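Just so you know, all these numbers are worked out from the coordinates, no wet-lab data involved. Treat the numbers as computed from the prediction; the structure is a model and nothing was measured. FYI the Cβ positions are ideal-geometry reconstructions off the backbone, even for glycines, and counts take in every protein chain you see.
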Amino acid sequence: MAERGDIDRVREATDIVELISEVTRVRKSGRTYMAICPFHEEKTPSMSVDRAKGLYHCFGCGKGGDVFAFVQETRGVNFAEALDMLASKAGITLVRDPAEAAKRGRRDAAVEGLRRSVEVYHQRLKKSPDAGAARAYLRSRGYDGDLIDHWKLGFAGTDWDTLSKNLRSAGMSDKALVDAGLARRGRHGLYDFFRGRLMFPIHDLRGDPIGFGGRKIDEVDRSQTNNPDAKYVNSPDSPVYQKSRVLFGLDRARQTMGDDAPAVVVEGYTDVIAMHQAGVDTAVATCGTALGDGHFDLLRRFTERVVLAFDSDEAGSKAALRSDDLESPFRLDLDLRVAVMPDGLDPADLFQDGRGDELAKAVKVARPLLEHRIESEVSKHDLTGPEGRARALHAAAEQVRRIDDPIARREYARFVARLVGVELGTAEEAIGMSRRTRPESAAQSDALVDRAEAELFRLVLENPEGIDVVATDFADERLRAALGQLADAPPGTQRDVSTISDPGLQSMARRIAMDSTPLPSWAEWKVRLQKRRLETEIDELEARLAGLEQGSEAHSETLRRLIALQQERRSLGQ
């Protein structure tokens, strides 16, 4: 990671108004600026931009942060990548610590090895005699030369160390090959991780190759392949590749994702290619692992709508249903839907059969995940008789009961009532609508912050010379927690709300920081704070005094202390 001083230099050198103006329309409004928010549809500007503080906040959708957050959100990159982009733009050379520089050099060497291996595999698929079966398979699937070139498909040779020898002769080190997941160390030296497989290169968001998916080719001698019984073998986790945070095709698909083009998650590499051929160019796939939070975090950078497009066979349907907890659309803040492929065919088979138009249609009519799950449960029961309806109602209620969002639960109670054919009250009774919902955390609560406490927190952010505020000076638990997560800053320099790790607390702190109401001086607030501290201690002593025996030493000592504090409070008032 770059040094804190470099991060601050880049932030100070970047004009947030100019940065946001590159993406959306910005106009001056008093001391600050207002912009059309690029993260949700709107006609009237609701994003406030404060040039002096270097912050933005949308009062419509809640997105906000500093210059780094804006680049991360709009470009789909992580913090380090955003820092590099803005440093380059500002002409600033970052100073990295030796450990970070070594780690970055290790990654660069691994990526270079992967980049060369993509070309080696690709050329081998096109020209090598031992790739004949792979070429025949692709022809049978309707893949022509242009499509193979477009996706840079390749073939891993059947010998034990074909790729390793090739890359070592080109100057790649053994360590880089192992780091890249291309080779492993055995008793007799390096051997190739992939052998005898059709290769699908996997790229990160920047377009750098980071791994491969290798498909078994049935006609290839099984003794010449690694893990011959597995249909697909994927790169092992490495310094450049973590399968829980990688989606095949996202480097291409992200360019067209948005409000009108949801992300479409399919099961395999050939399904992604088929979807793109059919015009659904927002299709992606996991790489040999279940769909999880890390994948949703990636997709949320580019769209709030995600369609799970699985086969309609039993395995595919189960995958769609277990892809995440039932309440995930609310926990993940995503519009999560399911598109079931017709006739038990996967997207690749449908496209090969000339039914590509059905792929786009299935995505277009995708149903909300919760509806899909409930309908699946209800369909197992006979609704023509009272016993069947009762069993169906209990099965559906079990699913709805897991939804903690009260509004969503109420709407799904109506949905279940219509689906099963019972009165709304009966459905609500089965669901148990009176049950208490899970309380929101302080970070999630939208309750207003007390104005005086918000003002004091703004002073903490302004960080004037001599300020002395501690967490216990705030009655609001959210402000206490936010203060605990704020990084220190030199006196007289503004404290950075982006150092608050909790997203909800950071959003609250950013809203407070964006308030343009004039602040009193710290000297004025210091007196008010002394009064607040005295009143808090007085309240505590009065409560303690009530529980002590009159005439006891503890009672007398507490009473003396209480009287002294009351006199001090009166003197402050004067």
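Quick notes on this structure:
- Using the Karplus relation 6.51 cos²θ - 1.76 cosθ + 1.60 with θ = phi - 60°, the per-residue 3J(HN,Hα) values for region 167-181 come to 6, 5, 5, 8, x, 6, 7, 4, 4, 5, 5, 5, 4, 7, x Hz, with x marking Gly and Pro.
- Exposed loop sites here mean trypsin sites (Lys or Arg not before Pro) with a DSSP loop assignment and at most 13 other beta-carbon atoms within 10 Å; the chain contains its longest site-free run at 232-379.
- The ranking of Cys58, Cys37 from fewest to most other beta carbons within 10 Å of each one's beta carbon is Cys58, Cys37.
- From its DSSP helices (H runs of at least four residues, each -39,500 (n - 2.57)), the chain gives a residue-normalised ellipticity at 222 nm of -14500 deg cm²/dmol.
- Using the Cβ-Cβ distance between Ser244 and Asp335 with R0 set to 25 Å, the FRET efficiency works out to roughly 0.65.
- In degrees, nearest ten, helix 553-573 long axis to first principal axis of the chain (Cα): 90
- Take the Cα of Phe79, step 7 Å toward its Cβ, do the same at Arg401, and the gap between the two points is 4.2 nm.
- Using alpha-carbon coordinates, inclination of helix 386-400 to the longest axis of the chain, degrees: 70
- Stokes-Einstein D (µm²/s) once Rh is taken as the Kirkwood radius of region 98-241 over alpha-carbon pairs, at 10 °C in 1.306 mPa s: 104
- Tail beyond 25 Å, pair distance distribution of region 451-573 (Cα, percent): 37
- Where the Cα pairs of the chain fall when distances are cut into 10 Å bins, in %: 3, 13, 19, 20, 18, 14, 8, 3, 2, 0, 0
- Summarising the amide proton neighbourhood of Val338: residues at separation of 5 or more, or on other chains, whose placed amide H is nearer than 5 Å comprise Leu308, Arg367, Leu369.
- Rg and Dmax over the alpha-carbon atoms of region 1-87 stand at 12.7, 40 Å.
- Taking amide H atoms as placed 1.01 Å from N in the peptide plane, the amide H of Ser29 lies under 5 Å from those of Met34, each 5 or more residues away in sequence or on another chain.
- Residue pairs, from the table Lys152/Lys231; Lys89/Lys243; Lys53/Lys89; Lys53/Lys531; Lys89/Lys152, whose Cα atoms sit over 22 Å apart: Lys89/Lys243; Lys53/Lys531; Lys89/Lys152
- Net +/- balance of residues flanking His57 in space, Cβ distance below 9 Å, scoring K and R +1, D and E -1: +2
- Computed over region 380-431, Kirkwood Rh from alpha-carbon pairs, angstrom: 10.7
- Contour minus Cα-Cα distance for Gln530 and Glu542 (0.36 nm per residue): 2.5 nm
- Footprinting exposure proxy ranking of Val378, Val246, fewest other C-beta atoms within 10 angstrom first, gives Val378, Val246.
- Straightening the chain between Arg184 and Ala230 buys 14.7 nm, computed as 0.36 nm per residue apart minus the Cα-Cα spacing.
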